[in-house]
1. Considering each residue of the range B:87-102, count those that are buried (at least 21 other Cβ atoms within 10 Å of the Cβ) and either among the acidic types (Asp, Glu) or more than 16 Å from B:LEU24 (Cα to Cα) (or both), and give that number.
2. Given A:ASP55, A:ASP20, which one is at pLDDT 95 or above, part of a helix (DSSP H, G or I), surrounded by fewer than 20 Cβ atoms within 10 Å (Cβ to Cβ) and acidic (Asp, Glu)?
3. Pairs under 7 Å by beta carbon, first residue under 18 Å from B:ILE17 (Cβ atoms) in the range B:47-67, partner open to solvent by 50 Å² or more (accessible area, probe 1.4 Å) and outside any helix (DSSP H, G or I), six or more apart or different chains?
4. Residues being among the hydrophobic types (A, V, I, L, M, F, W, C) and within 7 Å of chain B (Cβ to nearest Cβ): count how many of those fall in the range A:74-102.
5. Which one of these does B:ILE114 not meet: (1) free of Cβ contacts under 8 Å to residues at least 60 places away in the same chain; (2) more than 15 Å from the chain's Cα centre (by Cα)?
6. Answer with yes or no whether B:GLN71 is at pLDDT 95 or above and either surrounded by fewer than 19 Cβ atoms within 10 Å (Cβ to Cβ) or more than 10 Å from every other protein chain (Cβ to nearest Cβ) (or both).
7. Just name the residue that is surrounded by the fewest Cβ atoms within 10 Å (Cβ to Cβ) out of those in the range B:104-133 that are within 13 Å of another protein chain (Cβ to nearest Cβ) and among the hydrophobic types (A, V, I, L, M, F, W, C).
8. Evaluate the following for B:ARG43: is it outside any helix (DSSP H, G or I), more than 13 Å from chain A (Cβ to nearest Cβ) and within 18 Å of B:ALA129 (Cα to Cα)?
There are 2 protein chains.
Amino acid sequence: MPDREHTSKHYEQQLRILKDKLLLMSHKAEEMIADSIRSLVDRRPSLAEDVIGRDDEIDKLEIEIDNLCYQVLALEQPVAGDLRFIATALKIVKDIERIGDIAVNIGERSIELIQEPELKRLVDLPIMANAAQKILKESLDAFVNSDPELAEKVISNDYIIDDLYEQIFRELLTYMLEDPRAISRAIKLIFIAKHLERVGDHSANIAEMVIFLVRGQDIRHGTRFDRGR
Amino acid sequence: MPDREHTSKHYEQQLRILKDKLLLMSHKAEEMIADSIRSLVDRRPSLAEDVIGRDDEIDKLEIEIDNLCYQVLALEQPVAGDLRFIATALKIVKDIERIGDIAVNIGERSIELIQEPELKRLVDLPIMANAAQKILKESLDAFVNSDPELAEKVISNDYIIDDLYEQIFRELLTYMLEDPRAISRAIKLIFIAKHLERVGDHSANIAEMVIFLVRGQDIRHGTRFDRGR
């Protein structure tokens with residue numbers, strides 16, 4: 001049946017494009033997170049502005065991926081596992097888009113913070129940003145490669161980011177207790193840490209969807225968003 | 001063509017069930033938000049526990065709605081507008097699920113706060129919760145009724161919630177500046193206000209998808225998550 005074969009080949013091709021676009025989008029989001037934190041650590045408002053500007057690329061990719069999914073659904077009419085894969089892609093693209101928003105929010109706060117004296121040398125935030133980037137990357141790799149073991153690793157490592165948040169929160173609290181003039185800046189830093197924690201939550205959420213997709217086992221509600229203090 | 005008619009009738013029926021389930025899920029999420037704030041205002045930890053317990057119902061509904069969408073996509077193979085409607089439902093269900101998580105987080109913080117002396121009489125948070133509930137309800141109504149005017153109203157009213165957040169934040173900041181013992185409680189209250197702001201963001205996000213769905217006009221990226229301070 002050459003027709004069927006043609007369809008199948010075309011479908012595989014579309015799927016490849018979809019996966020590549022998702023990886024590209026996720027990669028851009030990771031870089032935005034890294035740069036937003038770098039702008040703060042190096043006190044470079046221009047880099048923060050640059051991150052804010054890059055959000056358009058993420059938004060454009062979201063629309064492209066959505067449209068590609070609609071096209072595949074309408075023309076290839078996938079069923080069973082393939083259908084669930086496309087539906088999951090539609091959901092994942094939203095998680096990545098939110099991570100782009102998070103980077104923009106961090107960039108905006110970075111610009112505010114740079115205008116004030118430095119509260120402390122920022123050591124933990126870059127570590128946390130690194131961890132967040134890593135599990136975002138792994139969650140997307142788990143998706144495109146249908147790798148539930150990697151997805152499990154992402155979920156079991158989410159606590160690292162939560163612990164880092166907790167540590168940063170407690171440290172900043174001491175600054176606030178010592179000096180009321182530190183309060184406003186410390187709160188901004190706490191919000192930034194909270195944003196990074198949410199990148200971890202989004203990644204764990206993606207990982208849960210991967211496990212559901214591959215194993216049909218619904219653990220989506222083991223992880224809940226924003227469980228930190 | 002009786003067969004086609006049968007399919008069409010069946011499709012309409014499935015669509016009705018889908019819409020009803022989404023409305024039910026959203027209604028439950030609204031109630032959870034209201035009760036989580038009520039538990040704090042009335043200092044009733046049992047109500048907060050109750051909200052936390054209700055998250056399972058939301059999660060169950062999410063799975064049911066997802067499965068219903070997969071079923072419709074596989075069996076009815078909708079195209080064009082119908083296809084986009086189902087794909088949008090898949091995305092919206094996630095926004096509502098996150099709102100359930102937000103209510104749980106508020107409930108958890110409420111339990112913590114009730115164990116400490118009351119910082120102030122909470123007047124603004126219930127007003128903010130009310131506003132958040134209202135725009136969530138309106139965004140879902142806009143979706144199930146394909147009503148872009150209502151969706152536009154939701155988007156243009158999102159600023160009310162942002163302004164309330166700003167006001168609450170500034171007030172709580174003054175408590176922190178006056179008395180370091182207030183800091184920890186004030187931060188918890190700020191996080192609760194932030195959570196309510198995110199309910200507004202999710203609602204605006206749903207509304208943007210409705211406008212895109214009905215008018216094919218992509219304004220999804222006019223509103224960005226968490227733009228407050």
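The values are calculated or read from the model by the stated rules, or taken from the named source; none is laboratory data. Given the structure is predicted, the values throughout are model-derived calculations rather than measurements. FYI the Cβ positions are ideal-geometry reconstructions off the backbone, even for glycines, and counts take in every protein chain you see. To get the accessible areas, we keep the full protein, side chains included, count just its heavy atoms, and leave off ligands, DNA and RNA. Shrake-Rupley method; radii C 1.70, N 1.55, O 1.52, S 1.80 Å.
1. Residues meeting the conditions: 5.
2. A:ASP20
3. Close Cβ pairs satisfying both conditions: B:ILE63/A:ASP218.
4. Initially, the range A:74-102 is screened for residues among the hydrophobic types (A, V, I, L, M, F, W, C), giving A:74-75, A:79-80, A:83, A:85-87, A:89-90, A:92-93, A:96, A:99, A:102.
Imposing the further condition that a residue be within 7 Å of chain B (Cβ to nearest Cβ) reduces the set to A:74, A:79, A:83, A:87, A:90.
Here the count works out to 5.
5. Answer for B:ILE114: the failing condition is (1).
6. Against the criterion (at pLDDT 95 or above and either surrounded by fewer than 19 Cβ atoms within 10 Å (Cβ to Cβ) or more than 10 Å from every other protein chain (Cβ to nearest Cβ) (or both)), B:GLN71 does not qualify.
7. B:ILE111
8. yes
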